[in-house]
Amino acid sequence: AGDYGIDPQHIAIGGFSAGGLASVNAAYGQGLPVQAVISLSGGIGGYNLGKSAKAGMPPGLFIEGSNDLDGVQIGTRMALGALGAAGIRTETAWMPSFGHFYPMGAPSLGNDMTKLTLKARLLRFLDRNLGVKR
């Protein structure tokens, strides 16, 4: 961040599918110093989050399709369990009637009983966790 003049308090990591899994591994497995994590149908793999996840690590947003791949659904539940046990704040949302792929404009249903487009949910999460005011 220092080499490029980036405020380290405004760095998030995220991705879709393997990118989501890599983001979870980087933040909670390797302890990358980021402020927020987004996993879109990423699941879990590579690290034992029960051992590597620690209190104080960044909050995570986990989204998957209601008809997503079984491995993604199982892996996401495992990741959420490990992060919750470590005291790490997480948010979840479903993409109703979608499988592993879904568009940014599709509605998502959150654990907080909200219905937002995927894009709006991602931006809300990032704004809240990176301190951005629009």
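One table, with the values for the structure above:
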quantity: Among the candidates Val24, Val37, residue that is touching a Pro at 6+ places or on another chain (Cβ under 8 Å) and open to solvent by less than 30 Å² (accessible area, probe 1.4 Å); calculated: Val37
quantity: Residue within segment 63-70 that is touching a Gly at 6+ places or on another chain (Cβ under 6 Å), farther than 21 Å from Met104 by Cβ, open to solvent by 70 Å² or more (accessible area, probe 1.4 Å) and not aliphatic (A, V, I, L, M) present; calculated: no
quantity: Test: residue in segment 23-46 that is farther than 23 Å from Leu130 by Cβ, modelled with pLDDT of 95 or more and assigned to a loop (DSSP other than H, G, I, E, B); calculated: no
quantity: Single condition Gln30 does not satisfy, out of (1) touching a residue at least 60 places away in the same chain (Cβ under 8 Å); (2) more than 13 Å from Gly60 (Cα to Cα); calculated: (1)
quantity: Tally, over segment 53-103, of residues that are of a type in the set (D, E, K, R) and farther than 17 Å from Ala36 by Cβ; calculated: 4
quantity: Residues of segment 84-99 classified as open to solvent by 30 Å² or more (accessible area, probe 1.4 Å) and over 21 Å from Gln9 (Cα atoms), total; calculated: 7
quantity: Flag for Lys119 being more than 14 Å from the chain's Cα centre (by Cα), surrounded by fewer than 16 Cβ atoms within 10 Å (Cβ to Cβ), of a type outside the set (Asp, Glu) and assigned to a helix (DSSP H, G or I); calculated: no
quantity: Segment 1-20: number of residues that are β-branched (Val, Ile, Thr) and either within 16 Å of Met95 (Cβ to Cβ) or assigned to a loop (DSSP other than H, G, I, E, B) (or both); calculated: 2
quantity: Residue among Gly46, Gly60 that is crowded, with 18+ Cβ neighbours inside 10 Å and out of contact with any Pro (no Cβ under 8 Å at 6 or more places or on another chain); calculated: Gly60
quantity: Failed condition for His10, given (1) in contact with a Leu (Cβ under 6 Å, 6 or more places away or on another chain); (2) on the phi < 0 side of the Ramachandran plot; (3) open to solvent by less than 60 Å² (accessible area, probe 1.4 Å); calculated: (3)
quantity: Check on Ser52, more than 28 Å from Met104 (Cα to Cα) and open to solvent by less than 50 Å² (accessible area, probe 1.4 Å); calculated: yes
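The values are calculated or read from the model by the stated rules, or taken from the named source; none is laboratory data. All figures in this text were calculated on a predicted structure; none of them were measured in a lab. Using ideal geometry, Cβ is built from the backbone for each residue, glycine included, and neighbour counts are taken over all protein chains shown. In case anyone asks, the SASA skips ligands and DNA or RNA and just uses the protein heavy atoms, side chains included. Shrake-Rupley method; radii C 1.70, N 1.55, O 1.52, S 1.80 Å.
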